[in-house]
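Participant: Below is one structure. I have some questions about it.
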Amino acid sequence: MSFNHPNFGRLDENRIIVFDTTLRDGEQSPGFSMNLNEKIRMAEALTDLGVDVIEAGFAIASIGDFESVKTIAETVGQRADSPVLASLCRANAADILRSAEALLPAKRKRIHIVIATSDLHMKYKLRLEPEQVIEQSINSVKLARQHADDVEWSAEDATRSDMDFLARCVEAAIDAGATTINLPDTVGYAIPDDMEAMFRTIRNKVPNIDKAILSTHNHNDLGLGVANTLASLRGGARQIESTINGIGERAGNASLEEIVMAIRTRQDAMPYSNNIQTKQLLGLSRLLATVTGFDVQPNKAIVGRNAFAHESGIHQDGVLKMASTYEIMTPESVGWAKNSIVLGKHSGRAAFRDRLNTLGYKIGDNQLNDAFRRFKDLADRKKVVFDEDIVALVDDEVMRDHERIRFVSLDVRTGTKAQPSAELELEIDGVTKQAAAVGDGPVDATFKAIQKLFPHHATLQLFQIGAITEGTDAQARTTVRLEEDGKLVDGQGADTDTIVASARAYIHALNKLLVKRERTAPAAMAS
């Protein structure tokens, strides 16, 4: 089942290649756009995690996407431990040449071609006959091989394709030079038995299948993305395509952290190996939540805040006596700390830096100084500072330091005897500006002041307030959703002052909207 792959050499039969598409398929989620610096941070963190392939983007989708892929190739792609960097493209010359240009600086690269193979997609979306799909597949793979030794060919909507025709396509793509064959469940239609059967069928029907690695890419529309991925491995797939936190179009993709920990926990049933450094999973999950503005659901497996929480008295008693009674993996194995109460107002810079490292943050001295100042301010206002508090302040102060619009200060007056007003100071493209506004309440006045300083036509779709930790001195975490021309973005902000947190959330959403304005979606973008 193995062969001499151009980027991986000859692999052990049970070695799994981990392909991460958070920066491409994940970013196609409504409201999940990332700016260039956020994408670079994610790519660096994914490299540290140990993924084998990073799909850096869809180079032809927009100038911004091209620059993202190219810059990641110039930075992460030059590291000694660089993963393979991939760019998605449709089966046409313009897409392939654009991807090749963007990936040129990378030491290890892959051109990823996608074309639909189901009768439904060929007839109504591509408007091509089956023989034309085979011809386009051959021509596109041959062209891609002129620019990269590593070419992946994906059969969009493979699970609803005729198996005989799919086998013909796969054989033709391999003959043309494809080194990886991806059979995705594009619309999340399949069940695990379907996936295992499909891969076994293709392995039996395609005579040259031993010259390529089989890959699986599963969407989560029926909540079966991870189960279908594991079933694909039983059928012979040896590359998994997934995203951090399971983000992606519609119901999302198979979750990388769930797949990896399922394999690690059930080695008896799945004796596969990979390079993932599992203790970094939680930190990367939190980083993604920060840059996208979308929190992880509390009961999310592995990285949700309740993943290792026990409220039932019977469960608590069992865990206290022997953790394995109710925990099938240790919290520490995926990055959770044993003790969430960490620092206070007397803590020093060294202890603060150490805790940031434990939480998965790697920041420079200038960023550390900014974060430490805000930490000291927070510690003066809170009796106890929790890990969640530190994550929130670092996310707000440090992880968004490249945004065009930055919060500086806010002074609010409110009550029952006067009209609420807000005096706001922002830094916009490096220039500090001030404005005052009145409103129906302090939040309304603050948002109107933002509108004065940065005029825009986006409308507020959601305003939500929650607490990061317990107690009356807890930081508020606010979420703001904006809509402009059908594009949705979510922003988050945190502060012990709810109005300040609201301002930060609105500003975060505006910054993400600026990224969305730069993006356009080409036709037939998929997988």
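Participant: Assign unit charges at the C-beta atoms only (+1 for Lys and Arg, -1 for Asp and Glu), then state the dipole size of the chain relative to its Cα centre in Debye, rounded to the nearest 20.
Facilitator: For this selection, approximately 700 debye.
Participant: A further question follows. Contact order normalised by length for the chain, with contacts defined as Cα pairs under 8 Å and 6 or more residues apart; what percent is it?
Facilitator: Rounded, it is 13 percent for the chain.
Participant: From the residues Leu514, Phe447, Ala476, which one has its Cα farthest along the dipole of region 405-517 in the positive direction, the dipole being from +1 and -1 charges on Cβ of Lys/Arg and Asp/Glu about the Cα centre?
Facilitator: About the Cα centre, the residue reaching furthest to the positive side is Leu514.
Participant: Stretched out fully, how many nm does the piece from Asp210 to Leu514 gain, at 0.36 nm a residue minus the Cα gap?
Facilitator: Extra length available between Asp210 and Leu514 comes to 104.8 nm.
Participant: Now for a separate question. Could you name the lysines in cross-link range of Lys382, using Cα to Cα under 23 Å and dropping any fewer than eight places away on the same chain?
Facilitator: Excluding near neighbours in sequence, the set is Lys338, Lys345.
Participant: Now a separate question. Note the full-extension length gain between Arg79 and Ala197 as 0.36 nm times their separation in residues minus their Cα-Cα distance, in nm to one decimal.
Facilitator: Length difference between fully extended and current span is 38.6 nm.
Participant: If R₀ is 51 angstrom, what is the calculated FRET efficiency for the pair Gln419 and His346, using the beta carbon separation as r and rounding to 0.05?
Facilitator: 0.75
Participant: Still on this structure, please answer the following. Ranking request for peptides 298-306, 183-191: highest mean number of other beta-carbon atoms within 10 Å first, then the rest in descending order.
Facilitator: Details: 298-306: 16.4, 183-191: 22.8.
The most tightly packed comes first, giving 183-191, 298-306.
Participant: Under 17 Å Cα to Cα from Lys205, which aspartates and glutamates show up? Leave out anything in the same chain fewer than 8 places away.
Facilitator: Asp162, Asp164, Glu171, Asp175, Asp194, Glu196
Participant: Helix 256-265 sits at what angle to the longest principal axis of the chain, using alpha carbons and giving 0 to 90 degrees rounded to 10?
Facilitator: Approximately 70 degrees, to the nearest ten.
Participant: Mind giving me the nanometre distance, one decimal, between the label points for Ala436 and Ala94, set 7 Å out from Cα along Cα→Cβ?
Facilitator: 5.4
Participant: Okay, moving on. Can you compute the modelled spin-label distance between Arg10 and Leu462, with each label point 7 Å from Cα toward Cβ, in nm?
Facilitator: Result for the modelled spin labels: 5.2 nm.
Participant: If you don't mind, there's one more thing I want to ask. Take every DSSP beta bridge with both residues inside region 19-272 and express the antiparallel ones as a percent of the total, to the nearest 5.
Facilitator: Details: 1 of 32 bridges.
Rounded to the nearest five, the antiparallel share is 5 percent.
Participant: Right, another one. First measure r as the distance between the Cβ atoms of Glu44 and Asn306, then evaluate 1/(1 + (r/R0)^6) with R0 = 35 Å and state the FRET efficiency to the nearest 0.05.
Facilitator: Plugging the Cβ-Cβ distance into 1/(1 + (r/R0)^6) gives 0.75.
Participant: Kindly provide the trypsin sites (Lys or Arg not before Pro) of region 123-162 that DSSP labels as loop, not H, G, I, E or B, and whose Cβ sees at most 10 other Cβ atoms within 10 Å.
Facilitator: When the trypsin sites (Lys or Arg not before Pro) of region 123-162 are filtered for loop state and at most 10 Cβ neighbours within 10 Å, Arg127 remain.
Participant: Shifting gears a bit: Can you list the lysines whose alpha carbon sits under 28 Å from that of Lys107, skipping same-chain ones fewer than 8 residues off?
Facilitator: Lys39, Lys70, Lys142, Lys211, Lys279, Lys362
Participant: Each label point is 7 Å from the Cα along the Cα-to-Cβ direction; what then is the distance between the points at Thr325 and Glu135, in nm?
Facilitator: The modelled label-to-label distance comes out at 6.9 nm.
Participant: Given 0.36 nm per residue, what is the gain on full extension from Gln267 to Gln297 after removing their alpha carbon distance, in nm?
Facilitator: Residue separation times 0.36 nm, minus the Cα-Cα distance, leaves 8.1 nm.
Participant: Ordered by packing density, taken as the mean number of other Cβ atoms within 10 Å over each peptide's residues, highest first, how do 58-64, 255-261, 244-250, 420-426 rank?
Facilitator: Result, highest mean Cβ count within 10 Å first: 255-261, 244-250, 58-64, 420-426.
Participant: Given the -39500 (n - 2.57) contribution per DSSP H run of 4+ residues, what per-residue ellipticity at 222 nm results for the chain, rounded to the nearest 500 deg cm²/dmol?
Facilitator: Value at 222 nm, helices only: -11500 deg cm²/dmol.
Participant: Let me ask another. Helix 93-103 versus the longest principal axis of the chain: what is the Cα-based angle in degrees, 0 to 90, to the nearest 10?
Facilitator: 60
Participant: Have a look at the DSSP beta bridges in the chain and tell me what percent are antiparallel, nearest 5.
Facilitator: 55
Only the coordinates and a few stated rules stand behind these numbers; no lab work does. Keep in mind that what you see is a predicted model, and the values were worked out from it rather than measured. Methodologically, a virtual Cβ is constructed for each residue, glycine included, from the backbone with ideal geometry; neighbour enumeration extends over all protein chains shown.
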